[in-house]
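Working notes for the structure below.
The numbers here are math on the coordinates, done by the rules we state, and not lab data. Just so we're clear, the structure is a prediction, and the values are computed from it rather than from any experiment. Counting neighbours? That spans all protein chains shown, and the Cβs are built from the backbone with ideal geometry, glycine included.
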Amino acid sequence: EAQRIRLATQIGSGLVGVVYILDEPSIGLHQRDNERLLKTLKQLRDLGNTLIVVEHDEDTMYAADYIVDIGPGAGTHGGEVVCQGTIDDILSCEESDTGAYLSGRKKIEVPPIRRQPNGKWLQIKGAEENNLKNIDVDIPLGIFTCVTGVSGSGKSSFVNEILYKRLARDLNRAKIKPGQHKDIKGVEHLDKVIDIDQSPIGRTPRSNPATYTGVFDHIRDVFAATAEAKIRGYQKGRFSFNVKGGRCEACRGDGIIKIEMHFLPDVYVPCEVCHGKRYNRETLEVKYKGKSISDVLDMTVEEALTFFEPIPRIHKRLETLNDVGLSYIRLGQPSTTLSGGEAQRVKLATELSKRSTGKTIYILDEPTTGLHFADVHKLIDILQRLVEGGNSIVVIEHNLDVIKTADYIIDLGPEGGHRGGEVIAKGTPEEVAQVPNSYTGIFLKKVLEK
């Protein structure tokens with residue numbers, strides 16, 4: 001909403017010859033609002049301005065005059081221009097993954113059968129938070145449910161403010177106050193609620209994917225079990241960069257030193273003693289298969305997968321990181337450098353590697369933000385895997401590829417703000433597509449007919 005207000009002021013100012021740079025303006029917009037946004041962008045262009053947009057959205061690509069596709073993969077496999085030109089050039093480009101999804105050479109399939117609810121329901125009575133009009137909503141458990149609706153229709157108020165906060169209070173004993181509602185029935189069918197959002201997984205450079213997923217503990221065990229470590233009497237703690245003993249004391253295991261500049265942002269420089277390796281010389285002399293602990297932290301998930309193949313408990317955790325499409329991140333990469341989508345997938349990988357109780361409910365708010373078609377494809381596969389364990393998933397989403405693969409849809413609307421807050425349609429995607437006054441249904445119908 002804030003971004004659209006800023007856009008409106010720019011059109012009103014009538015400037016000419018300006019370069020506007022937009023980073024994923026379609027985030028959090030329903031297809032109907034996205035069409036309005038594209039109209040606005042074209043107006044800016046027609047005034048005589050240049051627009052550069054970073055985007056994963058199909059409609060935006062079709063509306064663009066010129067496209068630059070970067071890739072082909074992510075991380076070390078990316079960083080080249082795969083192809084550039086009009087939409088037709090991209091569609092016909094063999095190497096481009098973007099072109100493959102746009103042209104239909106690759107596509108996200110609609111599941112042949114929809115899962116049936118397991119007979120248990122969560123019943124929310126009298127939801128009145130923000131613009132919700134005292135509605136009763138039933139959410140089926142044991143399947144993949146999608147909450148949809150135009151921007152401002154009350155999805156977040158319903159899912160984040162009422163559903164999540166009430167379940168977190170009752171199941172996780174959190175001290176938070178849920179939004180206004182009369183009651184929720186059926187909580188006894190669940191044992192915990194997990195909100196997988198795009199907030200960073202750690203606020204300091206000390207946190208990284210290896211520590212967050214817990215795989216680093218096992219890696220330190222491996223190093224502590226080597227013959228060299230036993231001769232020297234090193235325990236597992238010797239290989240931690242958070243405690244004294246094995247870490248480089250000049251930078252206290254950070255690998256970088258922060259120099260405070262008055263009135264300017266802090267500058268980070270690599271530590272002169274360990275050269276960014278985080279450990280002291282003695283610790284680095286302990287090798288496993290010829291690699292020191294610092295070399296392991298510098299490996300990408302892909303490299304570590306083959307390196308630790310003989311050790312099942314490490315291999316299993318790394319495999320889930322690989323499955324969520326993060327094969328390119330380094331194990332010791334500071335979490336502060338991960339994007340929102342990457343942080344969210346690290347959390348998903350951590351959940352996947354746990355043993356499922358079948359009574360967990362996962363809540364995700366627009367998980368496809370910042371994801372390419374290929375990544376959305378992987379994300380949908382992961383969500384389906386979590387549901388197969390008997391768990392329930394509730395997703396707020398505008399992305400039609402996710403909506404069409406859901407088992408059950410709850411569509412709120414009809415409009416945004418005070419004209420929203422009612423349930424317009426519910427049921428399988430096929431049923432919602434038949435509802436004439438649901439905006440989601442109209443767009444969904446086109447996609448299902450494809």
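Please give the length that would be gained between Ala225 and Asp138 if that part of the chain were fully extended, namely 0.36 nm times their separation in residues minus their C-alpha to C-alpha distance (nm, one decimal). Don't skip to the end; give the middle numbers.
Working: separation 87, 0.36 × 87 = 31.32 nm, distance 5.28 nm.
Length gained between Ala225 and Asp138: 26.0 nm.
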What number results when the radius of gyration of the chain, computed over Cα atoms, is divided by 2.2 N^0.38 Å? 1.10
The chain, dipole about Cα centre (Lys/Arg Cβ +1, Asp/Glu Cβ -1), debye to the nearest 20: 2000 debye
Using the count of nearby Cβ atoms within 10 Å as a rough guide to exposure, how do Thr360, Thr204 rank from fewest to most? Thr204, Thr360
Residue-count net charge about Arg173 - beta-carbon cut-off 13 Å; Lys, Arg +1, Asp, Glu -1: +3
Extension reserve of the Ser199-Thr336 stretch, reckoned as 0.36 nm per residue once the Cα distance is removed: 48.3 nm
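Packing-wise, with mean Cβ within 10 Å as the measure, how do 287-296, 316-325 rank, highest first?
Top to bottom by mean Cβ count within 10 Å: 316-325, 287-296.
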Using only the alpha carbons of the stretch 2-103, what is the convex hull's orientation-averaged projected area in square nanometres? 7.0 nm²
Exceeding the 29 Å Cα-Cα cut-off - candidates Lys378/Lys450; Lys192/Lys244; Lys42/Lys445; Lys175/Lys347: Lys192/Lys244
Taking Val54, Val16 and counting other C-beta atoms within 10 Å, the order from fewest to most: Val16, Val54
With an 8 Å cut-off on Cα pairs and a minimum separation of 6 or more residues, tell me the relative contact order of the chain in percent. 19 percent
11 Å reach of a label modelled at Ile259, 7 Å along Cα-to-Cβ, counting backbone N of the stretch 269-290: 269-270
What one gets for the stretch 62-192 as the Kirkwood radius, inverse of mean 1/r over different Cα pairs in Å, is 18.7 Å
Degrees separating the helix 312-323 axis from the principal Cα axis of the chain, which is the longest one: 40 degrees
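Taking the alpha carbon gyration tensor of the stretch 257-351, what are the square roots of 5 times its eigenvalues, largest first, to the nearest whole Å?
Values: eigenvalues 152, 94, 12 Å².
Values for the stretch 257-351, descending: 28, 22, 8 Å.
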On the principal axes of its Cα set, how long, how wide and how thick is the stretch 162-211? Give whole Å, largest value first. 43, 22, 17
Under-5 Å amide H pairs with Leu22, H placed in peptide plane, nonlocal only: Ile52, Val53, Val54
Unpartnered cysteines - no second Cys beta carbon under 4.7 Å - across the chain: Cys146
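So if each residue of separation counts as 0.36 nm, and I subtract the Cα-Cα distance between Glu449 and Ile21, what length gain in nm does that give? Before the final figure, lay out each step's value.
On the way: separation 428, 0.36 × 428 = 154.08 nm, distance 3.50 nm.
The Glu449-Ile21 span can extend by a further 150.6 nm.
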Between Leu371, Leu386, Leu22, where does the largest GNM mean-square fluctuation fall for the chain, given springs only between Cα atoms within less than 10 Å? Leu22
Under a Cβ-Cβ cut-off of 10 Å, what is the net charge of the residues other than Val137 that fall near it, where Lys and Arg count +1 and Asp and Glu count -1? 0
